[in-house]
Amino acid sequence: SVANFYLDQSRRDDPTISCPLAMLGSELARCDSATRSSATDSFSKLVDIIFSQIDSEDSEKARSKAVVIATTLIGALTVAHFINDSSLSDQVLETVKQACAPRNVCFQLTLTVGLPPPGTKQAPRHVC
């Protein structure tokens, strides 16, 4: 599912393959307009992918649900990354996976936020 893919432990443990929105969230708020626009576009793409997996006759409610799921996934990955209790971190990932799994469809969304990791000259492609 989208949640299983996004909240995989490897994404928590390795920021180089994690979602930049989750790893840099609060920092993105302080970035320049171009970087924030790129992050906004990436978030919108994530919402669109989740939205496409929700069966609903009411597209407005489905879109709202997709926004809730996307923000919950990003928040869960952020929290699981910064807490230093591995059992609690695993519990965050597993609990949110179960709560946010609308479909059993994996996805891959490649995002570039525009901020290279330390020691690199180019921003890598991230799976988010």
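The values are calculated or read from the model by the stated rules, or taken from the named source; none is laboratory data. Keep in mind that this is a model prediction, so the values were computed, not measured. Neighbour counts run over all protein chains shown; Cβ positions are idealised from the backbone, glycine included. All accessible areas refer to the heavy atoms of the entire protein, side chains included, with ligands and DNA or RNA removed. Shrake-Rupley method; radii C 1.70, N 1.55, O 1.52, S 1.80 Å.
What to note about this one:
- Selection within the range 1-26 - more than 20 Å from ASN84 (Cα to Cα) and open to solvent by 50 Å² or more (accessible area, probe 1.4 Å): ASN4
- Filter result for SER56 (among the small types (Gly, Ala, Ser) and over 26 Å from ASP13 (Cβ atoms)): yes
- Leading residue by the ranking (most open to solvent (accessible area, probe 1.4 Å)) among those in the range 44-62 that are β-branched (Val, Ile, Thr) and part of a helix (DSSP H, G or I): ILE49
- When ILE17 is tested against (1) assigned to a helix (DSSP H, G or I); (2) within 12 Å of the chain's Cα centre (by Cα), just one condition goes unmet, and that condition is (1).
- For the range 28-43, the tally of residues that are assigned to a helix (DSSP H, G or I) and either touching a residue at least 40 places away in the same chain (Cβ under 8 Å) or among the aliphatic types (A, V, I, L, M) (or both) stands at 6.
- Filtered by the rule that a residue be of a type in the set (S, T, N, Q) and surrounded by 13 or more Cβ atoms within 10 Å (Cβ to Cβ), the range 65-89 gives THR71, THR72, THR78, SER89.
- Failed item in (1) closer than 18 Å to CYS100 by Cα; (2) free of Cβ contacts under 8 Å to residues at least 24 places away in the same chain, with LEU77 passing the rest: (2)
- Residue in the range 118-125 that is exposed (fewer than 12 other Cβ atoms within 10 Å of the Cβ), of a type in the set (S, T, N, Q) and modelled with pLDDT of 90 or more present: no
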